[in-house]
Amino acid sequence: MAGPIPIEQVAAFAEGPFQGNPAAVCPLQTWLPDRLMQAIASENNLSETAFYVGTEGHYDLRWFTPTCEVDLCGHATLAAGHVVFQREPNLEIAQFSSNSGPLTVRRNGPQLTLDFPLQRGEACAAPTGLDRILGTSAVACLQALDLMVVVADEREVVAIKPDSKAVAALPGRGLIVTAPGSDVDFVSRFFAPSCGIEEDPVTGSAHCTLAPYWADQLGRTSLVARQLSARGGLLHCALTDERVLISGRVIPYLSGLIHIDRSCVDPGNNDERPSTLV
């Protein structure tokens, strides 16, 4: 791919400006070297930068944090769907191939809806020192791709200030902390320092585990969730078979071009990087 690289930055699961989770999206004609995509993501310094190749509703999709490639990301997939629909306004659904299998984004009125794989957590013993890390007591612990910790009250979720090194040593890619919500069905926060993300503003993929847990607890399959980061985000979740439908708004922020002197980049160095899920 020659010439400047297009880039869009949007906020996913946002209720207004400067809310939700910012993601960068780069539509490509052909794949860039892994090393270059990782460097772009590091330079962007957002939770995720998504790159996709394709057209006419079918795309290959990859995601990078500032430090590594990941196998699944919710908010950046929603962001990629938004960019696809802006560039191809006649489409109603975008189908993505990814390291986590087929994923879709569908127009849903003012919202967009992700179709993601359900990831149920298994009850597990609390890791040693967990209450000290949280500064409160865990009501329940479940292990899926993340360690999910349930606490009693929304105020406890807000108050948590975990030590990043201690969180990075916990099992799983990151730590979900969740509780019943006061004005929504449930609330959460997500910490993934081992992926270069101290706290993720809004984590779509974490709701693949959160939604089935709270559906079982509350006895219904349609739920409204809020992630209580400093930016905050609102998600509408629905369970269907072994999938989770996750809906939210996307708010554009900037459009531009990335200018890189390709002579300074070695296209032959396509080092593999560790991958995980965000």
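The values are calculated or read from the model by the stated rules, or taken from the named source; none is laboratory data. In this text, all values refer to a predicted model and were calculated from it rather than measured experimentally. For neighbour counting, all protein chains shown are included, and Cβ atoms are generated from backbone atoms with ideal geometry for every residue, glycine included. When the accessible area is computed, the model is the full protein with side chains, heavy atoms only, and any ligands, DNA or RNA have been set aside. Shrake-Rupley method; radii C 1.70, N 1.55, O 1.52, S 1.80 Å.
Any idea which residue in the range 208-234 is farthest from D71 (Cα to Cα), counting only those that are assigned to a helix (DSSP H, G or I) and in contact with a Phe, Trp or Tyr (Cβ under 6 Å, 6 or more places away or on another chain)?
So the first thing to find is which residues in the range 208-234 are assigned to a helix (DSSP H, G or I), and the list is 208-218.
Right, trim to in contact with a Phe, Trp or Tyr (Cβ under 6 Å, 6 or more places away or on another chain) and you get 208, 214.
Working: C208: 14, W214: 24 Å.
It comes out as W214.
Of the conditions (1) out of contact with any Gly (no Cβ under 9 Å at 6 or more places or on another chain); (2) at pLDDT 95 or above; (3) within 22 Å of R231 (Cβ to Cβ), L114 satisfies every one except a single condition; which number is it?
Here L114 clears every test but (1).
Would you mind finding the one in V84, V53, V10 that is touching an Asp or Glu at 6+ places or on another chain (Cβ under 7 Å) and over 22 Å from E242 (Cα atoms)? Talk me through it step by step, then tell me what you get.
On the way: V84 fails: touching an Asp or Glu at 6+ places or on another chain (Cβ under 7 Å); V10 fails: touching an Asp or Glu at 6+ places or on another chain (Cβ under 7 Å).
Among V84, V53, V10, only V53 is touching an Asp or Glu at 6+ places or on another chain (Cβ under 7 Å) and over 22 Å from E242 (Cα atoms).
Being open to solvent by 10 Å² or more (accessible area, probe 1.4 Å) and under 19 Å from the mean Cα position of the chain (by Cα) is the filter here; which residues of the range 215-231 pass it?
V224, R226, L228, S229, A230, R231 - these are the residues of the range 215-231 that are open to solvent by 10 Å² or more (accessible area, probe 1.4 Å) and under 19 Å from the mean Cα position of the chain (by Cα).
Got a number for residues in the range 103-123 being open to solvent by less than 70 Å² (accessible area, probe 1.4 Å) and closer than 18 Å to F190 by Cβ?
Residues that pass the stated criteria total 6.
Consider H236 carefully, then state whether it is open to solvent by 10 Å² or more (accessible area, probe 1.4 Å), in contact (Cβ under 8 Å) with a residue 60 or more places away in the chain and not aliphatic (A, V, I, L, M). Before you say what the answer is, go through the steps one by one.
Values: open to solvent by 10 Å² or more (accessible area, probe 1.4 Å): yes; in contact (Cβ under 8 Å) with a residue 60 or more places away in the chain: yes; not aliphatic (A, V, I, L, M): yes.
Yes; evaluated as a whole, the condition is true for this residue.
In the range 40-59, how many are of a type in the set (A, V, I, L, M, F, W, C) and touching a residue at least 60 places away in the same chain (Cβ under 8 Å)? Talk me through it step by step, then tell me what you get.
Residues of the range 40-59 that are of a type in the set (A, V, I, L, M, F, W, C), as a first pass: 40-41, 46, 50-51, 53.
This time we only want the ones that are touching a residue at least 60 places away in the same chain (Cβ under 8 Å), so: 40.
So the count comes out to 1.
If you scan the range 124-143, which residues turn out to be open to solvent by 30 Å² or more (accessible area, probe 1.4 Å) and under 18 Å from T203 (Cβ atoms)?
Q143 - this is the single residue of the range 124-143 that is open to solvent by 30 Å² or more (accessible area, probe 1.4 Å) and under 18 Å from T203 (Cβ atoms).
Within the range 149-165, can you find the residues that are more than 12 Å from F191 (Cβ to Cβ), without any contact (Cβ under 8 Å) to a residue 60 or more places away in the chain and open to solvent by 40 Å² or more (accessible area, probe 1.4 Å)? It would help to see each step written out before you state the result.
Quick first cut of the range 149-165, residues more than 12 Å from F191 (Cβ to Cβ) only: 150-156, 158-159.
Checking which are without any contact (Cβ under 8 Å) to a residue 60 or more places away in the chain leaves us with 151-153, 155-156, 159.
The answer is A152, D153, R155, E156, A159.
What is the one condition in (1) over 19 Å from P117 (Cβ atoms); (2) in contact with a Pro (Cβ under 9 Å, 6 or more places away or on another chain) that E198 does not satisfy?
Of everything listed in (1) over 19 Å from P117 (Cβ atoms); (2) in contact with a Pro (Cβ under 9 Å, 6 or more places away or on another chain), E198 misses just condition (2).
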